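J.: The structure follows.
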Amino acid sequence: MKRRALLKGLATVIPAFAISSKLSASTWLLDPDGAAEFARPPFSPTWESLKSYQVPDWYKDAKFGIWAHWGPQCQPERGDWYARGMYEEGSDQYKYHVEKYGHPSKFGFKDVINEWKAEKWDPEYLVGLYKNAGAQYFVALANHHDNLDLYNSKHQAWNSVNMGPKKDIVGGWAKAAKKHKIQFGVSVHAAHAWSWYETAQRADKSGPMAGVPYDGKLTKADGQGKWWDGQDPQELYAQNHPLSERSENNGTIHSQWNWGGGVAKPTEEHIEKFYQRTIDLIDQYDPQLVYFDDTALPFWPISDAGLRIAAHLYNKSVKKHGKLKAVINGKILDKEQRQCMVWDIERGQSNEIEPYTWQTDTCIGSWHYDRRIYDNHHYKSAKTVIHTLADVVSKNGNLLLNVPLRGDGTMDSDELKVVTEIGEWMKVNKEAIIGTRPWKKFGEGPAIENAAPLSAQGFNEGKGKPFGAQDIRFTTKGKLLYAIPMGWPEDGELVIKSLGSDNPALARVNSITMLGHGAIKDFTRDAEGLKIKLPVGKPALSYAYVLKIS
């Protein structure tokens, strides 16, 4: 008890963000609230310590996960970042909000939360659907930049059990994942609420409501007689602070994502509350994967809160399983940080085989549900998803695919069609995806020469040349080599140049099997490549097929 009292005293004079990232791997670091003992080795909250991380085999083998990026911002059905965009005067979401709900001075995002009931949500059905589509892991949104915890949070009164649907969303997803025996993960985005919600501090500059403040600075006292009576909106909005530099420019937040560039610095109290919320999430629901929508880790480099969360998750995993089975996803990682966690690329792909396992996350539509995409039938096709999956896996990556749900928790008919077709393809061909590893080279074909470079955390998706019949991706499993052509040649003749007789990586070809069809006997091999006469009558999902070569 004396040691804990001493440590609590030290915590008051050592701000979390002052602790050096260069402490040794054996350093013990205080939990500032005295809620836990030191984080002990094997992992301490330093980059140097976390470099001993090894990606668990389950994740290396999984290759494909599905994500429900679903929360109260899906209720308006008007796309991503709604809780920010509705406060941007003149924007599409602002205009939509005023027409649907009223002016944001009278009906703010807190009130959208109250509208969200998730009345048709069936997590058991949905996770079963994802598993049938071939997903080996499922990720649930635990909170977004809107700052609402979608679980029974001990440290955030604005949560889905107290508000909106009055349901433990993460708990429901976790239970369904356990029943279907699929790995469970959560995504955490709330670290950026501090600056992200700054638009809620604004007021209209023109029109009949000019000068009337939006609801971003309301206090607990303002709730008397309202549905939120007794709750403090500042726990949600966190806007009792000066604006970031150039906050009036809606795009500035992107250059301030790494807590630089003139962003308003969060208080230590705000950061530590986020830390406690995230530790509570991990301890309550025991996720195998935690995705952070942050540069590296939450609040890095102004705080070590993210490092402490990472060490806690890894140590908890080792203690429970006897070995590390946990995964953390983070964005824009340097070479050292890619040894500490799994690098995530948003809406994009690497253009080479990466030395460490990585992940791309993308969506068939908008991150949050947008009704217009359904009305106009603009979702990504199953073909595009399968092409992305094969390309990513050939480069030592995983694909995490978001299928946005409507506010009521249902999937629309176009989405269901896409997910079902992915499942049909995976039933035949998943052998070339799940449990595989990269070959000596990831592939061949015209698309490689026209690949787009990464931008920031990714965003090169769809900027290169579309895949065609000459684009081929390779994976391996044991002594087997899988070739995945991205289309069916018109003449039925396929030439795989990389597998020519002069390639020492492939001594000889004993047999070729087309998954879902059977053995292929008509093939030759010379210096020009492996020449294969494909079966007459292409398969139903011929935009990608698999040749198993032994």
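J.: Among G65, G102, which is part of a loop (DSSP other than H, G, I, E, B) and in the same structural domain as V392 (by TED's automatic domain parsing)?
T.: Unique residue meeting the criteria: G102.
J.: Among the residues of region 68-99, write down those that are in contact with a strand residue (DSSP E or B) (Cβ under 9 Å, 6 or more places away or on another chain) and part of a loop (DSSP other than H, G, I, E, B).
T.: The answer is H69, W70, G71, E77, G79, D80, M86, E89.
J.: So which helices (runs of 4 or more DSSP H) stay within region 221-332 end to end and still have 2 or more residues that are in contact with a Pro (Cβ under 7 Å, 6 or more places away or on another chain) and in contact (Cβ under 8 Å) with a residue 12 or more places away in the chain?
T.: Qualifying helices (runs of 4 or more DSSP H): 268-285, 305-321.
J.: Which ones in region 124-137 are touching a residue at least 60 places away in the same chain (Cβ under 8 Å) and assigned to a helix (DSSP H, G or I)?
T.: Answer for region 124-137, where residues must be touching a residue at least 60 places away in the same chain (Cβ under 8 Å) and assigned to a helix (DSSP H, G or I): L126, L129, Y130, N132.
J.: Would you call I422 out of contact with any Ser or Thr (no Cβ under 7 Å at 6 or more places or on another chain), of a type in the set (A, V, I, L, M, F, W, C) and crowded, with 22+ Cβ neighbours inside 10 Å?
T.: So I422 fits the description; yes.
J.: In addition: If S394 meets every condition in (1) in contact with a Gly (Cβ under 6 Å, 6 or more places away or on another chain); (2) of a type in the set (G, A, S); (3) surrounded by fewer than 17 Cβ atoms within 10 Å (Cβ to Cβ) apart from one, which number is that one?
T.: Answer for S394: the failing condition is (3).
J.: If you go through region 522-550 one residue at a time, how many are among the polar types (S, T, N, Q) and either touching a Leu at 6+ places or on another chain (Cβ under 7 Å) or crowded, with 17+ Cβ neighbours inside 10 Å (or both)?
T.: Residues in region 522-550 being among the polar types (S, T, N, Q) and either touching a Leu at 6+ places or on another chain (Cβ under 7 Å) or crowded, with 17+ Cβ neighbours inside 10 Å (or both): 1 in total.
J.: May I pose another question? Looking at region 253-278 only, could you name the residues that are closer than 16 Å to A310 by Cβ and in contact with a His (Cβ under 8 Å, 6 or more places away or on another chain)?
T.: Once the filter is applied, which keeps residues that are closer than 16 Å to A310 by Cβ and in contact with a His (Cβ under 8 Å, 6 or more places away or on another chain), region 253-278 yields Q276, R277.
J.: If you don't mind, there's one more thing I want to ask. Can you tell me which residues in region 346-356 are over 17 Å from R473 (Cβ atoms) and not acidic (D, E)?
T.: Passing the criteria: R347, P355, Y356.
J.: For region 164-179, name all the residues that are without any contact (Cβ under 8 Å) to a residue 60 or more places away in the chain and crowded, with 19+ Cβ neighbours inside 10 Å.
T.: Selection gives P165, K167, D168, G172, A176, A177.
Residue by residue, here is whether (1) part of a loop (DSSP other than H, G, I, E, B); (2) in contact with a Lys or Arg (Cβ under 7 Å, 6 or more places away or on another chain); (3) hydroxyl-bearing (S, T, Y); (4) at pLDDT below 95 holds:
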| residue | (1), (2), (3), (4) |
| --- | --- |
| R338 | no, no, no, no |
| I345 | no, no, no, yes |
| S350 | yes, yes, yes, yes |
| D361 | no, no, no, no |
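J.: Among Y82, Y151, which is the only one that is within 24 Å of the chain's Cα centre (by Cα) and over 17 Å from F184 (Cα atoms)?
T.: Y82
J.: Do you know which residues across region 194-216 are in contact with a strand residue (DSSP E or B) (Cβ under 8 Å, 6 or more places away or on another chain) and of a type in the set (A, V, I, L, M)?
T.: Correct list: A203, M209, A210, V212.
J.: Now a separate question. May I ask you to list the residues in region 161-193 that are part of a loop (DSSP other than H, G, I, E, B) and either in contact with a strand residue (DSSP E or B) (Cβ under 7 Å, 6 or more places away or on another chain) or charged (D, E, K, R) (or both)?
T.: K166, K167, D168, K181, I182, H189 - these are the residues of region 161-193 that are part of a loop (DSSP other than H, G, I, E, B) and either in contact with a strand residue (DSSP E or B) (Cβ under 7 Å, 6 or more places away or on another chain) or charged (D, E, K, R) (or both).
J.: Please find, within region 397-415, the residue that is nearest to P485 (Cα to Cα) out of those that are buried (at least 24 other Cβ atoms within 10 Å of the Cβ), among the aliphatic types (A, V, I, L, M) and in contact with a Phe, Trp or Tyr (Cβ under 6 Å, 6 or more places away or on another chain).
T.: L399
J.: Could you go through region 118-125 and let me know if any residue there is assigned by TED's automatic domain parsing to the domain that holds T295, among the hydrophobic types (A, V, I, L, M, F, W, C), at positive phi and modelled with pLDDT of 95 or more.
T.: Yes: one or more hits.
J.: Show me the helices (runs of 4 or more DSSP H) entirely contained within region 367-457 in which 1 or more residues are at pLDDT below 95.
T.: In region 367-457, 446-449 are the helices (runs of 4 or more DSSP H) which contain 1 or more residues that are at pLDDT below 95.
J.: Can I ask one more? Residues in region 383-404: is at least one under 22 Å from the mean Cα position of the chain (by Cα) and free of Cβ contacts under 8 Å to residues at least 12 places away in the same chain?
T.: yes
The values are calculated or read from the model by the stated rules, or taken from the named source; none is laboratory data. Source: prediction; values computed, not measured. Cβ sites come from the backbone with ideal geometry, for glycine too, and all protein chains shown count toward neighbours.
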